[in-house]
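Q: Sharing a structure, written as structure tokens. Questions coming.
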Amino acid sequence: MRYLFTTIPGTSHTLPLVPLAHAALAAGHEVAFAASGPALRAANAAGLQTIAAAGDEAAEPYEELIAKVTTSDLAQEFPGPKILPYVSGIFGEVGARLVEGVAEAARTWRADAVVFPPNHVAGLLAARMTGLPAVLHGIGTPRPVFAPALAYLEPVAARLGVDLPAPVADVEIDLNPASLTAPSLGGPGGGGPAAAHRLPMRYTSYNGGAEIPPGLLGRGERPRVAVTLGSLAALYGEGTMLREIVDGSADLGIELVITTGGAELPALTGSLPPHVTCVDWVPLRTLLASCDAIVHHGGMGSTFTAFDAGVPQLAIPLTGPESVSNGRVAADRGTGIVLDPPLSVPLTAATVKSSLHELLSNPAHRTAAAEVAAEMREMPAPSATLVQLDALLGGTA
């Protein structure tokens, strides 16, 4: 089989697809990523061959969305039902800029199937344009094809002389353990009907590679808490929010490890308290093996990496309604706490202190987190799910 993966121009939307891609390579299949911008670079860094489906300009609408969510409260700027057309238009425009390149890659590379995440509607349209099976690959809590964004590809489809397809894939790969209640699909994550076939697969945390500082491999004498704001430099700002986290953790008797992602953080310049260590980039799955909790921005990757590690989590939503939703999934299961978005309720050191104290002192959070991690380990590994996918698609290595 020749599996063509494609995704929006974002690192965090690429990494969850890598374990299945690696499993396909290990099984003797051919794999390529048709993408652009950060997604292209992330796939290359994962050792995968890539095809440029467009230039870096395809990422501009997505970068606009990131700029919006980091500087304004989307719920206030687009109240009620107004947010859906805005977000749909963003992902629709990304799809419009990529779909022809993805379809051309599928043809010239002679793909047998197209694999794509829910919000990358170009993947579905490209599969239908080329007559290939469409495989919807979840990246966390389940989402169907983002139907409202697909509607924005109607002008492209008309220009190309093809019909806009129904918003449904042939196969869905579902990473969600059964005990996690998926949020309502009526909002920006909503979409069309479920795929004809659903294949469960264990979320296998892949966060890229880096050299691990020896001091982070084992546990210290104090509880260790990891802090990450994800892969987007815009979320870090000048480090003001991180300063509140540093100050709020000062009297808790813990060790704080902050991953900065290489961002310039003037709010953290100068000497830091002795309980704080800053590192550039460490694979989160490795760091969490020696941690007792994590503070993160509500990203799907950080949320599910914490689930996989069995580590309680404090979510401070920074990327709009989706990050609030992710935090609530963890809180509803009892594995963590979700705060109000800082753009609506400013984060304070006092809030951080009380939240971390609750997270670390209440054993119910760790018990629930361990239960979810054990549940995830019972789900099929990517290699096992690949065997099922091959059988459904009628392919052989």
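The values are calculated or read from the model by the stated rules, or taken from the named source; none is laboratory data. This is a predicted model, so every value here is computed, not measured. Backbone-built Cβ (ideal geometry, glycine too); neighbour counts: all protein chains shown. Each accessible area value is taken on the protein alone, full model and side chains, heavy atoms only, with ligands, DNA and RNA left out. Shrake-Rupley method; radii C 1.70, N 1.55, O 1.52, S 1.80 Å.
Q: Of all residues in the stretch 80-138, how many are closer than 17 Å to GLU172 by Cα and aliphatic (A, V, I, L, M)?
A: Number satisfying all stated conditions: 13.
Q: Anything in the stretch 46-72 that is within 19 Å of the chain's Cα centre (by Cα), open to solvent by less than 60 Å² (accessible area, probe 1.4 Å) and over 27 Å from LEU20 (Cβ atoms)? List them, or say none.
A: ALA67, LYS68, VAL69, THR70
Q: Would you point out the residue of the stretch 259-301, among those that are among the hydrophobic types (A, V, I, L, M, F, W, C) and open to solvent by 30 Å² or more (accessible area, probe 1.4 Å), that is nearest to ALA42 (Cα to Cα)?
A: TRP281
Q: So VAL156 clears everything in (1) in a loop (DSSP other than H, G, I, E, B); (2) modelled with pLDDT under 95; (3) buried (at least 17 other Cβ atoms within 10 Å of the Cβ) except one condition, right? Which one?
A: (1)
Q: Can you name the residue in the stretch 275-315 that is assigned to a loop (DSSP other than H, G, I, E, B) and among the acidic types (Asp, Glu) and, of all such residues, is farthest from the chain's Cα centre (by Cα)?
A: ASP292
One line per residue, one yes/no per condition, for (1) touching a strand residue (DSSP E or B) at 6+ places or on another chain (Cβ under 7 Å); (2) on the phi > 0 side of the Ramachandran plot; (3) without any contact (Cβ under 8 Å) to a residue 40 or more places away in the chain:
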residue: TYR236; (1), (2), (3): no, no, yes
residue: THR240; (1), (2), (3): no, no, yes
residue: THR259; (1), (2), (3): yes, no, yes
residue: SER271; (1), (2), (3): no, no, yes
residue: CYS278; (1), (2), (3): yes, no, yes
residue: LEU287; (1), (2), (3): yes, no, no
residue: HIS296; (1), (2), (3): yes, no, no
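Q: To continue, here is another question. Return the residues of the stretch 217-239 that are in a loop (DSSP other than H, G, I, E, B) and open to solvent by 40 Å² or more (accessible area, probe 1.4 Å); say none if nothing qualifies. Before you say what the answer is, go through the steps one by one.
A: Within the stretch 217-239, the subset in a loop (DSSP other than H, G, I, E, B) is 217-223, 229-232, 236-239.
Listed by number, the residues that qualify are LEU217, ARG219, GLY220, GLU221, ARG222, PRO223, SER231, LEU232, GLY237, GLU238.
Q: Sticking with this structure for a sec: Determine which member of the set LEU252, LEU318, LEU272 is part of a loop (DSSP other than H, G, I, E, B), of a type in the set (A, V, I, L, M) and under 16 Å from the mean Cα position of the chain (by Cα). Give the steps one after another, and end with the answer.
A: Numbers: LEU252 fails: under 16 Å from the mean Cα position of the chain (by Cα); LEU272 fails: under 16 Å from the mean Cα position of the chain (by Cα).
When all the criteria are applied, what remains is LEU318.
Q: Does the stretch 123-144 hold any residues that are farther than 19 Å from PHE33 by Cα and either touching a strand residue (DSSP E or B) at 6+ places or on another chain (Cβ under 8 Å) or surrounded by fewer than 20 Cβ atoms within 10 Å (Cβ to Cβ) (or both), and which are they?
A: Correct list: PRO142, PRO144.
Q: Any idea how many residues of the stretch 335-349 are assigned to a loop (DSSP other than H, G, I, E, B) and surrounded by fewer than 18 Cβ atoms within 10 Å (Cβ to Cβ)?
A: Qualifying residue count for the region: 5.
Q: Restricting the stretch 180-216 to residues that are at pLDDT 95 or above and assigned to a loop (DSSP other than H, G, I, E, B), which is most open to solvent (accessible area, probe 1.4 Å)?
A: Result: ARG202.
Q: Let me ask something else. Exactly one condition in (1) more than 22 Å from PRO213 (Cα to Cα); (2) out of contact with any Leu (no Cβ under 9 Å at 6 or more places or on another chain); (3) modelled with pLDDT under 90 is false for ALA267; which is it?
A: The single condition ALA267 does not satisfy is (2).
Q: Let me ask you something else. Using the structure shown, decide if ILE245 is at pLDDT 85 or above, crowded, with 18+ Cβ neighbours inside 10 Å and assigned to a helix (DSSP H, G or I).
A: On the way: at pLDDT 85 or above: yes; crowded, with 18+ Cβ neighbours inside 10 Å: yes; assigned to a helix (DSSP H, G or I): yes.
For ILE245, the condition - at pLDDT 85 or above, crowded, with 18+ Cβ neighbours inside 10 Å and assigned to a helix (DSSP H, G or I) - is met.
Q: Suppose we filter ALA369, ALA331 for residues that are open to solvent by less than 30 Å² (accessible area, probe 1.4 Å), part of a helix (DSSP H, G or I) and modelled with pLDDT of 95 or more; which single one remains?
A: Unique residue meeting the criteria: ALA369.
Q: Further question on the same structure: Report those helices (runs of 4 or more DSSP H) wholly inside the stretch 36-133 carrying at least 3 residues which are of a type outside the set (Gly, Ala, Ser), closer than 30 Å to LEU343 by Cα and touching a residue at least 60 places away in the same chain (Cβ under 8 Å).
A: On the way: elements: 37-45, 60-71, 74-77, 83-108, 121-130.
Passing ranges, in order: 60-71, 83-108.
Q: Given (1) touching a Gly at 6+ places or on another chain (Cβ under 8 Å); (2) open to solvent by less than 10 Å² (accessible area, probe 1.4 Å); (3) under 26 Å from ALA210 (Cβ atoms), identify the lone condition not met by VAL352.
A: (3)
Q: Just name the residue that is farthest from ILE139 (Cα to Cα) out of those in the stretch 13-30 that are touching a strand residue (DSSP E or B) at 6+ places or on another chain (Cβ under 8 Å) and crowded, with 21+ Cβ neighbours inside 10 Å.
A: The selected residue is ALA24.
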